[in-house]
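Written out below as structure tokens is the structure these notes cover.
The values are calculated or read from the model by the stated rules, or taken from the named source; none is laboratory data. The structure presented is a predicted model; accordingly, all values stated were derived computationally and were not measured. All Cβ positions, glycine included, derive from the backbone under ideal geometry; neighbour counts span all protein chains shown.
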Amino acid sequence: MKQGWRPRRSLVLGSWDGEEPGLLGSTEYAEDNAETLTKQAVAYLNVDSTIGPLVYAASSPSIAAFLFNTAKAISANKFFGNETELTLYEQWKTQTQTKRAQLNGTDDGTLGPDHLIKLLGSGSDYSAFYQHLGIISVDMGFAISNHAQYGVYHSSMDSLMYAERFGNPNYSTHVSTARWWGLLGLRLADNLILPFDYTTYAVVMKEDFARLEEKIVGVDFSELHTAIDHFRVSANIFHLKLDAFTMDATSAVEKIGRRTWNEKFVLLERHLISESGLPHRPWYRHVIFGPGFYEGYAGAAFPGISDCVAFKDNATTIQLHVNEVTRIVNDAAMFLKEV
């Protein structure tokens, strides 16, 4: 910035109070500023924990490819002090493959087809932005293990002294987090066309819905299958048109065209929000991803449908929500077509 750089889009930095008692700070901010955020927010990047050697990320599928691309552009985390020529992405992939047997195959709450990124559940400050307002979100950082936080987490020993002596002696994970978050923020702020991808969304919806469908009887899912296929086709056509635009647009139409494409990228996720909310948890409004009812922190695909199963709702009640999800997915597909 000392050299005169200014972002194309505003970067807003936040540090939230009241995370532990119900995510109070971030939730109140999101609710109080809902109208502005819904109209203007491009993405929310959340960092909670940066202690440990393991790369961690959970996100909306629409930003997954962007996470991979930025991780390929920076060096691996030097948590153990060993110099490695790997990129952060290569380190991430190697770690995940090593742990795959412990993660119960691919049915482990991760996004296909790569299964490196987890579903967004709850337990951190992205919740109001993603699951209440439909803003593309990321939760990123580093961890000690795939299943738990470091031992002193949330205790009186969770201190600067612990971090400097044991948790992150050379501050390598803080450096890696800053580089990754910084590159994400820089490109989101400066890219002419936002780096999102909705073809991944279609893959994830189809894969996760197939697993959920196996657990439910007496409900007609045929129209939801058709809606997901509709979304897949629309997403593929959308990106083909975008590729053609970026190759052929003249300077005279480029600026107006860029705004149209970027608005589609930003607002599509909002079209996956139910105004009435999930049947048993109306504050949560994202019909494709949310925190599992019993899992809490862990994410669940089609949370309203899985909630109906958890509450032992009858087939008629489940069908009503399936029909609503079908309508929402179809509407989102139509929104992508209108370009």
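When you look at Ala227, is it closer than 18 Å to Lys206 by Cα and touching a strand residue (DSSP E or B) at 6+ places or on another chain (Cβ under 8 Å), yes or no?
When the stated conditions are applied, Ala227 does not pass them.
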Only residues in the range 270-282 that are farther than 17 Å from Met334 by Cβ and in a loop (DSSP other than H, G, I, E, B) count as the first member; pair them with residues that are modelled with pLDDT of 95 or more and hydrophobic (A, V, I, L, M, F, W, C), Cβ under 7 angstrom, at least 6 apart or cross-chain, and list the lot.
Gly277/Trp283
Can you say whether Val287 is of a type in the set (A, V, I, L, M), closer than 24 Å to Gly134 by Cβ, under 23 Å from the mean Cα position of the chain (by Cα) and surrounded by 12 or more Cβ atoms within 10 Å (Cβ to Cβ), as far as the supplied structure shows?
yes
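Just checking, does the range 255-269 include any residue being among the hydroxyl-bearing types (Ser, Thr, Tyr), farther than 30 Å from Gln319 by Cβ and touching a Ser or Thr at 6+ places or on another chain (Cβ under 9 Å)? Even if it seems obvious, please write down each step before you answer.
To start, the set of residues in the range 255-269 that are among the hydroxyl-bearing types (Ser, Thr, Tyr) comprises 260.
The next check asks that each one be farther than 30 Å from Gln319 by Cβ; those that pass are 260.
Still in the list and also touching a Ser or Thr at 6+ places or on another chain (Cβ under 9 Å): none.
Scanning the range 255-269, I find no residue that is among the hydroxyl-bearing types (Ser, Thr, Tyr), farther than 30 Å from Gln319 by Cβ and touching a Ser or Thr at 6+ places or on another chain (Cβ under 9 Å), so the answer is no.
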Yes or no: the range 295-305 includes at least one residue that is among the hydroxyl-bearing types (Ser, Thr, Tyr), farther than 21 Å from Thr36 by Cα, at pLDDT below 90 and surrounded by fewer than 17 Cβ atoms within 10 Å (Cβ to Cβ).
yes
Those residues of the range 162-190 which are under 19 Å from the mean Cα position of the chain (by Cα) and aliphatic (A, V, I, L, M), in sequence order:
Ala178, Leu183, Leu184, Leu186, Leu188, Ala189
Does Glu223 meet the test of being in a helix (DSSP H, G or I), among the acidic types (Asp, Glu) and within 23 Å of the chain's Cα centre (by Cα)?
no
Which count do you get for residues in the range 139-161 that are at pLDDT 85 or above, within 24 Å of the chain's Cα centre (by Cα) and among the hydroxyl-bearing types (Ser, Thr, Tyr)?
0
From (1) over 21 Å from the mean Cα position of the chain (by Cα); (2) surrounded by fewer than 19 Cβ atoms within 10 Å (Cβ to Cβ); (3) closer than 20 Å to Ser176 by Cα, pick out the condition that doesn't hold for Ala73.
(1)
Within the range 1-37, the residues that are closer than 20 Å to Glu269 by Cβ, not hydrophobic (A, V, I, L, M, F, W, C) and not in a loop (DSSP other than H, G, I, E, B) are Ser26, Thr27, Tyr29, Glu31, Glu35, Thr36
Might you check whether a residue that is surrounded by 15 or more Cβ atoms within 10 Å (Cβ to Cβ), outside any loop (DSSP other than H, G, I, E, B) and basic (Lys, Arg) occurs anywhere in the range 184-191?
yes
Filtering the range 26-59 down to residues that are under 15 Å from Leu116 (Cβ atoms) and either without any contact (Cβ under 8 Å) to a residue 40 or more places away in the chain or in contact with a Leu (Cβ under 7 Å, 6 or more places away or on another chain) (or both) yields Val55, Ala57, Ala58, Ser59
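Only one of Gly18, Gly4 is closer than 24 Å to Arg285 by Cα and either among the hydroxyl-bearing types (Ser, Thr, Tyr) or not assigned by TED's automatic domain parsing to the domain that holds Tyr162 (or both); which? Spell out the reasoning first.
Details: Gly4 fails: closer than 24 Å to Arg285 by Cα.
One residue alone meets the criteria, Gly18.
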Candidate set: the range 249-259, residues that are closer than 20 Å to Leu336 by Cβ and assigned to a helix (DSSP H, G or I); chosen: the one modelled with the lowest pLDDT:
Ile256
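Out of all the residues in the range 241-262, is one or more touching an Asp or Glu at 6+ places or on another chain (Cβ under 8 Å) and of a type outside the set (Ser, Thr, Tyr)?
We begin by selecting, within the range 241-262, every residue touching an Asp or Glu at 6+ places or on another chain (Cβ under 8 Å); these are none.
For the range 241-262, residues touching an Asp or Glu at 6+ places or on another chain (Cβ under 8 Å) and of a type outside the set (Ser, Thr, Tyr): absent.
State whether the residues of the range 231-241 include one that is surrounded by 17 or more Cβ atoms within 10 Å (Cβ to Cβ), polar (S, T, N, Q), modelled with pLDDT under 95 and not assigned by TED's automatic domain parsing to the domain that holds Ala43.
At the first step, the residues of the range 231-241 found to be surrounded by 17 or more Cβ atoms within 10 Å (Cβ to Cβ) are 231-232, 234-235, 238.
Now narrow it down to the ones that are polar (S, T, N, Q): 234.
Still in the list and also modelled with pLDDT under 95: none.
There is no residue in the range 231-241 that is surrounded by 17 or more Cβ atoms within 10 Å (Cβ to Cβ), polar (S, T, N, Q), modelled with pLDDT under 95 and not assigned by TED's automatic domain parsing to the domain that holds Ala43.
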